[in-house]
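What follows is one structure encoded as structure tokens, with my remarks underneath.
The values are calculated or read from the model by the stated rules, or taken from the named source; none is laboratory data. Keep in mind that this is a model prediction, so the values were computed, not measured. Backbone-built Cβ (ideal geometry, glycine too); neighbour counts: all protein chains shown. Just the protein is used for accessible areas: all its heavy atoms, side chains included, with ligands, DNA and RNA removed. Shrake-Rupley method; radii C 1.70, N 1.55, O 1.52, S 1.80 Å.
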Amino acid sequence: MQDMLHYIEAEPQIYADILANRQTILRTLLNDKSTAYKNVVIFATGSSSNAAFAAQPYMSQQLGIPVFVEEPSFTANYMLHLQPDTLYIAISQGGHSYSTIEMVKRVQAINGRIYTITGDENSPIAKLSQYVIPLGMPIEEMPYVTAGYSATILTLMLLALELGKQDQASYQTNLAAIENIVTDLPRIIDAAKEWVAHYSDVFDTVQRVIFVGYGGTYGVAREGETKITETVRITALGKEVEEYMHGPYIGLHASDHVIFIEPNGKLQERVAKLQKFLTGKVAKVVRITNGQVDRQDDLGLALPTDELLAPLFMTIPIHLLAYTASARKQINLKVSAFPDFDPITNSKI
């Protein structure tokens, strides 16, 4: 089984392959020109949900319609009211998520159309789905997904770009912006490795870390919560900046580490005010920013791009941090922490 580092380092090639093959990957959806969609609803859990939140603002911008991310079990059991002009998408990277599989079953049982994005075309969800969109990458063996999460973001963004109603010049400009990120990805990985080498030792003793983002990096903050909890096995939270400022900040601890995921976008002034408040009240305030930094604990990725594209690369340092910090604590990620969980709960089929 390959480790997390292998898949993180493979992302530049995975991105390049998805870009080159995007028309083939998305053909199931692109071939259907019969519906003028008024909104998009995405069903996903875990890292798939985090990826959907990361892509959500860009998708809405490109499509010019609302995009919603919903929890499949809640919707399937309490709010399943299909609309003919809604594009429904289910995401299960590994293809074994019980609640997402049940969602697809229920939609198809009432003759609804739902497109399933999955990394395994032989998985349970792929076998039952009428409309499958492959992730366009090899099956990720490591259960704590990294490349699959990133590939999901790119696939959703390209889906929106290809479906978007824009002229050819705008299309080429938007496509070039994504291509520039793919070209610069090896440098981003190297910069992230340097930052992790400096910063990860604090995770030997830290008890709680809080990730704060906004816009597309809200999904990145959520992924920080997921991955650090799964791999380092300490308390981690992922919050949107305004969400954190309306209540959760009151429960801060003097020993907390707060990591801001900054795309240098519309809410940067709000972030600066929150950082000013937190300074001196928590153990450390750290920035992962798409800009320049002047403090050693911060990471400046400095890749000029639209803030909504930042999730394509700003999760890399968090995934590397999760991998490195768990290794320092000698946690074997290839062995399940609770092997009886799935047999009892059927969370994965």
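All conditions in (1) in contact with a Lys or Arg (Cβ under 7 Å, 6 or more places away or on another chain); (2) at pLDDT 95 or above hold for Tyr144, with the sole exception of (2).
Remark: Glu194 falls outside the filter, which requires a residue to be closer than 20 Å to Gln23 by Cα and not in a loop (DSSP other than H, G, I, E, B).
Anything in the stretch 317-349 that is part of a helix (DSSP H, G or I), among the aliphatic types (A, V, I, L, M) and open to solvent by 70 Å² or more (accessible area, probe 1.4 Å)? List them, or say none. Residue satisfying the conditions is Ile344 alone.
The single residue among Pro134, Pro124, Pro143, Pro138 that is in contact with a His (Cβ under 9 Å, 6 or more places away or on another chain), closer than 25 Å to Met1 by Cβ and surrounded by fewer than 21 Cβ atoms within 10 Å (Cβ to Cβ) turns out to be Pro124. Do we have any residue at all in the stretch 205-214 that's outside any strand (DSSP E or B), touching a helix residue (DSSP H, G or I) at 6+ places or on another chain (Cβ under 7 Å) and at pLDDT 95 or above? Looking through the stretch 205-214, at least one residue is outside any strand (DSSP E or B), touching a helix residue (DSSP H, G or I) at 6+ places or on another chain (Cβ under 7 Å) and at pLDDT 95 or above.
Restricting the stretch 78-91 to residues that are of a type outside the set (D, E, K, R) and more than 17 Å from Lys105 (Cα to Cα) leaves a set whose member that is most open to solvent (accessible area, probe 1.4 Å) is Pro84.
Quick one: would you say Ala36 is at pLDDT below 95 and either under 22 Å from the mean Cα position of the chain (by Cα) or on the phi < 0 side of the Ramachandran plot (or both)? Yes; evaluated as a whole, the condition is true for this residue. Of all the numbered requirements in (1) more than 29 Å from Leu320 (Cβ to Cβ); (2) in a helix (DSSP H, G or I); (3) open to solvent by 10 Å² or more (accessible area, probe 1.4 Å); (4) at pLDDT 95 or above, Gln61 misses one, and that requirement is (1).
Quick test for you: out of Thr100, Thr24, Thr75, pick the one residue that is more than 18 Å from the chain's Cα centre (by Cα), part of a helix (DSSP H, G or I) and surrounded by 15 or more Cβ atoms within 10 Å (Cβ to Cβ).
On the way: Thr100 fails: more than 18 Å from the chain's Cα centre (by Cα); Thr24 fails: surrounded by 15 or more Cβ atoms within 10 Å (Cβ to Cβ).
Answer to the selection: Thr75.
Cβ-Cβ distances below 8 Å connect the following pairs, each with a first residue in the stretch 36-50 that is without any contact (Cβ under 8 Å) to a residue 60 or more places away in the chain and small (Gly, Ala, Ser), a second residue that is part of a strand (DSSP E or B) and surrounded by fewer than 24 Cβ atoms within 10 Å (Cβ to Cβ), and a separation of six or more residues or different chains: Ala44/Val69. Quick check: is even one residue across the stretch 294-316 crowded, with 21+ Cβ neighbours inside 10 Å, in contact with a Gly (Cβ under 6 Å, 6 or more places away or on another chain), part of a strand (DSSP E or B) and not aliphatic (A, V, I, L, M)? Within the stretch 294-316, none of the residues are crowded, with 21+ Cβ neighbours inside 10 Å, in contact with a Gly (Cβ under 6 Å, 6 or more places away or on another chain), part of a strand (DSSP E or B) and not aliphatic (A, V, I, L, M). Filtering the stretch 100-144 to residues that are touching a residue at least 60 places away in the same chain (Cβ under 8 Å) and small (Gly, Ala, Ser) leaves only Gly136.
The residue that is least open to solvent (accessible area, probe 1.4 Å), among those in the stretch 192-249 that are among the basic types (Lys, Arg) and over 30 Å from Ser60 (Cα atoms), is Arg208. Residues in the stretch 289-313 that are touching a residue at least 40 places away in the same chain (Cβ under 8 Å), in contact with a Leu (Cβ under 7 Å, 6 or more places away or on another chain) and not aromatic (Phe, Trp, Tyr): Leu312 only. Among residues of the stretch 184-201 that are closer than 14 Å to Leu312 by Cα and acidic (Asp, Glu), those with a beta-carbon under 8 Å from a residue that is modelled with pLDDT under 95 and open to solvent by less than 70 Å² (accessible area, probe 1.4 Å) at least six positions away or on a different chain give the pairs Asp184/Leu303. Check the stretch 162-174 and report whether any residue there is closer than 19 Å to Thr324 by Cα and among the basic types (Lys, Arg). Within the stretch 162-174, not a single residue is closer than 19 Å to Thr324 by Cα and among the basic types (Lys, Arg).
For the condition at pLDDT 95 or above, outside any strand (DSSP E or B) and touching a strand residue (DSSP E or B) at 6+ places or on another chain (Cβ under 6 Å), Thr116 does not qualify.
Identify, from the list Lys273, Lys266, Lys284, the residue that is touching a His at 6+ places or on another chain (Cβ under 6 Å) and open to solvent by 10 Å² or more (accessible area, probe 1.4 Å). None of the other options fit; the residue is Lys284. For Gln166, the criteria (1) open to solvent by 40 Å² or more (accessible area, probe 1.4 Å); (2) outside any loop (DSSP other than H, G, I, E, B); (3) closer than 22 Å to Val41 by Cα hold in every case but one, which is (2).
Here is a check on your reading of the model: is Tyr199 out of contact with any His (no Cβ under 9 Å at 6 or more places or on another chain) and either modelled with pLDDT under 90 or within 17 Å of Leu320 (Cβ to Cβ) (or both)?
yes
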